[in-house]
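K.L.:
Quick one: the structure is below, questions incoming.
The values are calculated or read from the model by the stated rules, or taken from the named source; none is laboratory data. Everything numeric here is computed off the predicted structure, so don't read it as measured data. Don't worry about glycine lacking a Cβ; one is built from the backbone with ideal geometry, like all the others, and counts go over all protein chains shown. What goes into the accessible areas is simple: the full protein's heavy atoms, side chains included, and nothing from ligands, DNA or RNA. Shrake-Rupley method; radii C 1.70, N 1.55, O 1.52, S 1.80 Å.
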Protein chains: 2
Amino acid sequence: MARIVMKFGGTSMAGIERIRNVAERVKRETERGNEVAVVVSAMAGDTDRLVNFCREASSLYDPREYDVVVATGEQVTSGLLAIALQSLGVKARSWLGWQLPIRTNDAHASARIQDIDTEALIAAMAAGEVAVIPGFQGMAESGRVTTLGRGGSDTSAVAIAAAVKADRCDIYTDVDGVYTTDPRIVPRARKLAKVTYEEMLELASVGAKVLQTRSVGLAMKEGVRVQVLSSFDAPTDDETPGTMIVGDNEIEESEMERQRITGIALDKNEAKITLTEVPDRPGAVASIFAPLADANINVDVIVQNIAHDTGSTDVTFTVPGAELARAIDVLEKAQGSIGYGNLRHDTKICKVSVVGVGMRSHAGVASTMFTALAGRGINIQAIATSEIKVSVLIEEDYAELAVRVLHTAYGLDAPEALEA
Amino acid sequence: MARIVMKFGGTSMAGIERIRNVAERVKRETERGNEVAVVVSAMAGDTDRLVNFCREASSLYDPREYDVVVATGEQVTSGLLAIALQSLGVKARSWLGWQLPIRTNDAHASARIQDIDTEALIAAMAAGEVAVIPGFQGMAESGRVTTLGRGGSDTSAVAIAAAVKADRCDIYTDVDGVYTTDPRIVPRARKLAKVTYEEMLELASVGAKVLQTRSVGLAMKEGVRVQVLSSFDAPTDDETPGTMIVGDNEIEESEMERQRITGIALDKNEAKITLTEVPDRPGAVASIFAPLADANINVDVIVQNIAHDTGSTDVTFTVPGAELARAIDVLEKAQGSIGYGNLRHDTKICKVSVVGVGMRSHAGVASTMFTALAGRGINIQAIATSEIKVSVLIEEDYAELAVRVLHTAYGLDAPEALEA
């Protein structure tokens with residue numbers, strides 16, 4: 001007997017027919033004698049609908065009220081899955097974030113889980129009842145509803161798996177594993193049997209859309225065995241039909257050597273902000289990012305151009321597109337203390353990254369990238385690197401072309417097109 | 001300075017533009033120096049959407065999970081109205097049912113409010129913050145989400161008005177008051193300046209669609225001054241532009257005498273059940289209704305035909321259409337103990353009622369009704385009477401015709417058609 005946390009994404013929960021399929025899959029897991037908790041996302045499109053309501057109501061909405069609104073999507077699907085399970089004769093009940101509770105900090109709209117009370121949960125599972133838990137939501141110490149930020153249901157699932165000491169956390173999604181890149185863009189992308197937490201972290205953070213970054217970081221920290229698999233494939237007797245996310249130690253040395261690049265990732269949800277004529281003095285850059293950090297706005301790629309003769313410089317960076325209005329508001333209020341000239345922003349950009357644990361021991365990865373992109377006339381607006389990735393910002397219209405070019409350039413294409 | 005509870009129905013909350021209008025109206029009330037709590041319904045159509053999800057998931061859904069699902073509609077609108085108020089510069093926050101809490105019994109899907117904790121609410125209002133409260137929802141002692149049954153937001157509003165000792169409870173809806181009948185059916189219906197709690201109770205219970213029955217009963221019991229008014233009319237300086245619902249003592253004797261019939265009501269949401277060959281012995285009828293009561297299913301019109309020569313009888317009664325599947329399930333399980341022959345059901349029926357406090361002192365009301373209906377060839381399937389109303393069940397197709405015929409028969413038509 002094992003204890004399994006299953007997590008189903010928005011496309012798996014989109015409509016009653018699919019929720020019934022999810023219930024069948026959960027039932028099969030219980031019939032193996034396993035204790036099961038299920039974490040669910042909102043129906044595909046529902047969170048967008050709710051977020052848009054908030055934006056329409058006010059571009060500078062109160063994140064505490066935003067959380068009240070958007071947390072409802074998962075509340076709906078958790079109730080419906082409990083009903084669907086019961087109709088299959090499986091004992092089940094929903095546990096809302098505030099009922100367990102799942103305690104978070106008070107960073108509304110991007111809260112972090114601090115602690116999960118598992119007593120009731122473990123007792124229910126031990127009594128043979130499937131616990132259905134809405135992902136993405138929790139409760140702050142103030143007693144108010146919080147949400148974890150977009151894609152937060154993965155983090156909920158991993159956090160619950162860690163808290164109940166689950167044997168495995170299975171993340172069911174609309175793809176059957178982690179690919180070298182998005183197969184919707186590159187049909188010849190290959191499925192990976194294993195990736196390391198570290199690679200997955202980069203793939204997720206740069207928009208591979210399979211798992212949320214924080215969930216992978218949390219899995220790495222807590223040592224949760226995570227599997228990514230499809231909720232649409234026919235169930236198999238194979239214990240691990242998807243992609244396992246594992247520690248470095250589970251990847252063989254020979255594999256490390258062979259595999260220079262694991263995958264290519266694309267992120268279209270960033271927006272670029274440029275502040276011109278920032279004073280070229282110590283502390284000037286800090287004065288830009290401190291107020292953004294205080295507002296819980298994530299900043300990614302940062303580029304500072306060389307100083308002008310005038311003693312000032314331009315600073316360019318990216319923020320999540322959803323945070324752009326808030327970021328601009330924060331920066332305009334701080335214009336006096338930062339002392340910049342103009343604020344320019346651009347949402348028509350994207351970030352393309354090549355990722356691989358092999359990269360740290362190889363030279364030439366970046367130059368292959370720049371050569372390949374230049375060969376198609378794709379202009380690079382900014383570059384950022386880490387030990388296991390190289391990212392570039394380019395014009396959004398070139399996104400898919402760039403991914404295809406790089407997938408081929410690094411020899412990642414499958415020998416022939418996958419069968420449909 | 002007064003303390004006002006304002007309640008807005010689903011059509012008033014249907015979409016951000018309308019929610020913004022509601023916010024403007026609430027702002028105006030705060031600018032008069034009043035303390036304000038607002039109770040909101042879900043967006044029109046949203047509760048139906050959620051109820052349908054539950055029914056699709058299982059016709060015999062767990063009402064505890066149903067409540068988890070359907071309570072989200074009001075959660076969404078309460079967060080959105082708080083955001084809209086803030087964007088107008090009005091301090092506001094949402095208070096969910098479990099946050100106050102609004103304590104109810106555990107009759108899920110048709111729970112009753114037992115107690116409302118008002119300390120935080122009164123403190124917030126005293127500090128000049130508008131409290132936005134989702135209607136229709138509460139929390140059982142088990143800590144699970146409950147809902148009050150369809151239209152329950154009116155009851156929430158009146159219960160909150162009673163708990164905070166509000167000076168008035170203004171129910172904003174899509175009509176500008178209580179009419180002699182539904183003006184969508186009879187354009188020459190007249191708006192009533194005053195109705196008694198008792199009349200309103202009958203008008204609401206028979207489907208006048210303006211206020212939920214329980215809310216009126218509660219208002220009568222708690223002495224809450226309720227006003228029904230339109231959220232779409234231009235705001236006026238008139239303190240009470242709608243219909244005031246008042247005690248008998250506020251209706252003058254001369255008015256009572258003059259006004260035989262106050263209004264005609266129509267209810268299409270009932271379903272008829274007939275049990276054939278019920279044993280004609282003491283306790284037989286009780287054995288039918290006891291299990292329905294245990295299942296919290298409301299039974300309305302009950303007709304027992306004269307006994308057959310065989311020593312058995314047919315029993316006909318109505319239940320809310322939404323409860324039909326559950327009622328049938330309960331009755332089929334109890335077939336052995338009741339000992340009936342067949343169960344027949346019919347949803348193509350409606351109930352038409354004439355209501356008036358004057359009725360108790362007048363004869364001939366019922367005979368006018370039967371004559372008028374017979375004159376149009378409308379067959380009466382069952383009759384029920386109370387001190388201030390006479391109701392008949394008829395085939396649903398004749399619903400509007402019957403209302404129009406009776407409105408004219410009792411002299412309720414306005415002198416000429418209302419202007420658009």
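K.L.:
With the structure loaded, tell me whether A:Asp248 is within 30 Å of A:Glu199 (Cβ to Cβ) and at pLDDT below 85 or whether it fails that test.
P.N.:
yes
K.L.:
Could you please find all residues in the range B:333-344 being touching a residue at least 40 places away in the same chain (Cβ under 8 Å) and exposed (fewer than 15 other Cβ atoms within 10 Å of the Cβ)?
P.N.:
Within the range B:333-344, B:Lys333, B:Ser337, B:Gly341, B:Asn342, B:Arg344 meet the criteria.
K.L.:
Continuing with this model, one more query. Can you tell me which residue within the range B:1-40, out of those that are hydrophobic (A, V, I, L, M, F, W, C) and without any contact (Cβ under 8 Å) to a residue 60 or more places away in the chain, is nearest to the other protein chains (Cβ to nearest Cβ)?
P.N.:
Ranking the candidates gives B:Ala14 first.
K.L.:
Within the range A:20-61, take every residue that is farther than 18 Å from A:Ile83 by Cβ and aliphatic (A, V, I, L, M) and give me the one that is modelled with the lowest pLDDT.
P.N.:
Top of the filtered list is A:Leu60.
K.L.:
For residues in the range A:178-190 being within 16 Å of the chain's Cα centre (by Cα) and of a type outside the set (Ser, Thr, Tyr), which is surrounded by the most Cβ atoms within 10 Å (Cβ to Cβ)?
P.N.:
Only one residue tops the list, namely A:Val178.
K.L.:
Right, B:Val175: in contact (Cβ under 8 Å) with a residue 40 or more places away in the chain, assigned to a loop (DSSP other than H, G, I, E, B) and under 18 Å from the mean Cα position of the chain (by Cα) or not?
P.N.:
When the stated conditions are applied, B:Val175 passes them.
K.L.:
On to the next question. May I ask you to verify whether B:Ser110 is among the small types (Gly, Ala, Ser) and either within 11 Å of another protein chain (Cβ to nearest Cβ) or open to solvent by 40 Å² or more (accessible area, probe 1.4 Å) (or both)?
P.N.:
Criteria not met by B:Ser110.
K.L.:
How about the range A:276-331: which of its residues are more than 30 Å from A:Thr147 (Cβ to Cβ) and of a type in the set (A, V, I, L, M, F, W, C)?
P.N.:
Matches in the range A:276-331: A:Val278, A:Ala284, A:Val285, A:Val303, A:Ile306, A:Ala307, A:Val315.
K.L.:
Here's another thing I want to ask about it. Could you tell me which residue of the range A:305-359 is nearest to A:Thr408 (Cα to Cα), considering only residues that are among the basic types (Lys, Arg) and more than 24 Å from the chain's Cα centre (by Cα)?
P.N.:
In this case the residue turns out to be A:Arg344.
K.L.:
Identify, from the list A:Ala82, A:Ala71, the residue that is facing chain B (nearest Cβ under 7 Å) and open to solvent by less than 10 Å² (accessible area, probe 1.4 Å).
P.N.:
A:Ala82
K.L.:
Looking at the range A:304-332, which of the residues that are more than 22 Å from A:Thr47 (Cα to Cα) and touching a residue at least 40 places away in the same chain (Cβ under 8 Å) is surrounded by the fewest Cβ atoms within 10 Å (Cβ to Cβ)?
P.N.:
Looking at the filtered set, the residue picked out is A:Asp329.
K.L.:
Going by the structure shown, is B:Ala124 without any contact (Cβ under 8 Å) to a residue 60 or more places away in the chain, within 14 Å of chain A (Cβ to nearest Cβ), part of a helix (DSSP H, G or I) and open to solvent by 30 Å² or more (accessible area, probe 1.4 Å)?
P.N.:
no
K.L.:
Continuing with the same structure: Return the only residue of A:Ser361, A:Ser353, A:Ser386 being surrounded by 14 or more Cβ atoms within 10 Å (Cβ to Cβ), modelled with pLDDT under 90 and within 23 Å of A:Asp248 (Cα to Cα).
P.N.:
A:Ser386
K.L.:
Of (1) among the β-branched types (Val, Ile, Thr); (2) surrounded by 20 or more Cβ atoms within 10 Å (Cβ to Cβ); (3) within 28 Å of B:Met43 (Cα to Cα), A:Ile116 satisfies all except one. Which?
P.N.:
A:Ile116 satisfies every listed condition except (3).
K.L.:
Also, I was wondering about something else. Taking the range A:139-173 on its own, how many of its residues are of a type outside the set (Lys, Arg) and surrounded by fewer than 17 Cβ atoms within 10 Å (Cβ to Cβ)?
P.N.:
4
K.L.:
Still on this structure, I have one more. Out of the range B:402-420, which residues are open to solvent by less than 70 Å² (accessible area, probe 1.4 Å) and over 18 Å from B:Ile261 (Cβ atoms)?
P.N.:
B:Ala417, the sole residue that qualifies.
K.L.:
Here is a follow-up. Is it the case that B:Val175 is within 12 Å of B:Ile116 (Cβ to Cβ) and of a type outside the set (Ser, Thr, Tyr)?
P.N.:
no
K.L.:
Here is a follow-up. Working only within the range A:127-162, note down all residues that are within 26 Å of A:Met1 (Cβ to Cβ), within 14 Å of chain B (Cβ to nearest Cβ) and outside any strand (DSSP E or B).
P.N.:
Correct list: A:Glu129 only.
K.L.:
Okay, moving on. Tell me the residue from B:Thr104, B:Thr72 that is touching a helix residue (DSSP H, G or I) at 6+ places or on another chain (Cβ under 6 Å), free of Cβ contacts under 8 Å to residues at least 60 places away in the same chain and polar (S, T, N, Q), please.
P.N.:
B:Thr72
K.L.:
Could you tell me which of the residues B:Glu65, B:Glu56 is part of a helix (DSSP H, G or I), open to solvent by 10 Å² or more (accessible area, probe 1.4 Å), at the interface with chain A (Cβ under 8 Å from one of its Cβ atoms) and of a type outside the set (S, T, N, Q)?
P.N.:
Of B:Glu65, B:Glu56, the one residue that is part of a helix (DSSP H, G or I), open to solvent by 10 Å² or more (accessible area, probe 1.4 Å), at the interface with chain A (Cβ under 8 Å from one of its Cβ atoms) and of a type outside the set (S, T, N, Q) is B:Glu56.
K.L.:
Something else now. Test B:Ala140 against the stated conditions and say whether it is over 16 Å from B:Ala42 (Cβ atoms), free of Cβ contacts under 8 Å to residues at least 60 places away in the same chain and touching a His at 6+ places or on another chain (Cβ under 9 Å).
P.N.:
yes
K.L.:
Continuing with this model, one more query. Among the residues of the range B:163-172, count how many are part of a loop (DSSP other than H, G, I, E, B) and modelled with pLDDT of 95 or more.
P.N.:
3
K.L.:
Name every residue in the range B:41-51 that is over 21 Å from B:Thr104 (Cα atoms) and either in a loop (DSSP other than H, G, I, E, B) or more than 9 Å from every other protein chain (Cβ to nearest Cβ) (or both), in order of residue number.
P.N.:
B:Met43, B:Ala44, B:Gly45, B:Asp46, B:Asp48, B:Arg49
K.L.:
Somewhere in the range A:88-95, is a residue surrounded by 24 or more Cβ atoms within 10 Å (Cβ to Cβ) and either among the small types (Gly, Ala, Ser) or touching a Pro at 6+ places or on another chain (Cβ under 6 Å) (or both)?
P.N.:
Yes: one or more hits.
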